[in-house]
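The values are calculated or read from the model by the stated rules, or taken from the named source; none is laboratory data. What you see is a predicted model; the values in this text were computed from it and never measured. Reconstructed Cβ throughout: ideal geometry from the backbone, glycine too, with neighbour counts over all protein chains shown. We work out accessible area using only protein heavy atoms, side chains counted, and drop any ligands, DNA or RNA first. Shrake-Rupley method; radii C 1.70, N 1.55, O 1.52, S 1.80 Å.
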Amino acid sequence: MVEIIAGEKGKGKTKYLLDKVNDSVKSASGNIVYLDKSQKHMYELSNKVRLINVTDFPVTNCDEFLGFICGIVSQDHDLQEMYLDSFLTIANIEEGQINHAIEKLDIISEKYNVKFVLSVSRNEADLPECAKAKIIVSL
């Protein structure tokens, strides 16, 4: 399952995402990973959540990012949820690639039973139809 938190920059998506991940830790039976573009939110996350700074790795385009995600999934058989903050930035998504990325995340999610929650810095109206159906919060 892929869920999206949408809204322009500065609307509170990251705060919502942090609250959601910290809340899900209470009931999670598996591991949780939080991907971000820095270590900035390290102290706001539960110590049970693994924070990965994507910029520490040589990920330069959308397909490399999807490979990076597959690598994480393949190494953790207890992985239950992944939270991706600043999704468009960390995934290096260019115009028109968001459909491709979400379709691939859907495939990974179904095959390996991992839930993805994405923070996307776009208004709901600016997202493609496949993404609009996955929005859980629009700020």
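Open to solvent by less than 60 Å² (accessible area, probe 1.4 Å) and closer than 26 Å to SER29 by Cβ: which single residue out of ASP78, ASP85 fits that description?
Numbers: ASP78 fails: open to solvent by less than 60 Å² (accessible area, probe 1.4 Å).
Matching residue, one of ASP78, ASP85: ASP85.
Residues that are in contact with a Lys or Arg (Cβ under 7 Å, 6 or more places away or on another chain) and at negative phi: does region 37-50 have at least one?
Step one: filter region 37-50 for residues in contact with a Lys or Arg (Cβ under 7 Å, 6 or more places away or on another chain), giving none.
So far as region 37-50 goes, no, none of its residues is in contact with a Lys or Arg (Cβ under 7 Å, 6 or more places away or on another chain) and at negative phi.
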Mind telling me which of the residues GLU124, GLU64 ends up being under 21 Å from LEU17 (Cα atoms) and either in contact with a His (Cβ under 6 Å, 6 or more places away or on another chain) or acidic (Asp, Glu) (or both)? GLU124
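Residue-by-condition table, conditions (1) closer than 22 Å to ILE136 by Cβ; (2) in contact with a Pro (Cβ under 7 Å, 6 or more places away or on another chain); (3) at pLDDT 95 or above:
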| residue | (1), (2), (3) |
| --- | --- |
| ASN31 | yes, no, yes |
| LYS37 | yes, no, no |
| ASN47 | no, no, no |
| GLN80 | yes, no, yes |
| GLU94 | no, no, no |
Pairs, please: C-beta under 9 Å, at least 6 apart or cross-chain, first residue in contact (Cβ under 8 Å) with a residue 60 or more places away in the chain and at negative phi and in region 100-115, second part of a helix (DSSP H, G or I) and open to solvent by less than 10 Å² (accessible area, probe 1.4 Å)? ILE102/ALA131; LEU105/ILE69; LYS115/SER109
Being of a type in the set (D, E, K, R) and either over 13 Å from the mean Cα position of the chain (by Cα) or within 14 Å of CYS70 (Cβ to Cβ) (or both) is the filter here; which residues of region 95-115 pass it? GLU95, GLU103, LYS104, ASP106, GLU110, LYS111
Region 90-139, residues that are part of a helix (DSSP H, G or I) and crowded, with 16+ Cβ neighbours inside 10 Å: ILE90, ILE98, ALA101, ILE102, LYS104, LEU105, ILE108, SER109, ALA131
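State whether one or more residues within region 80-87 are within 14 Å of the chain's Cα centre (by Cα) and in a loop (DSSP other than H, G, I, E, B).
From region 80-87, those within 14 Å of the chain's Cα centre (by Cα) are 80-87; that's our starting set.
Checking the rest, the ones that are also in a loop (DSSP other than H, G, I, E, B) come to 85-86.
Yes, that holds for at least one residue.
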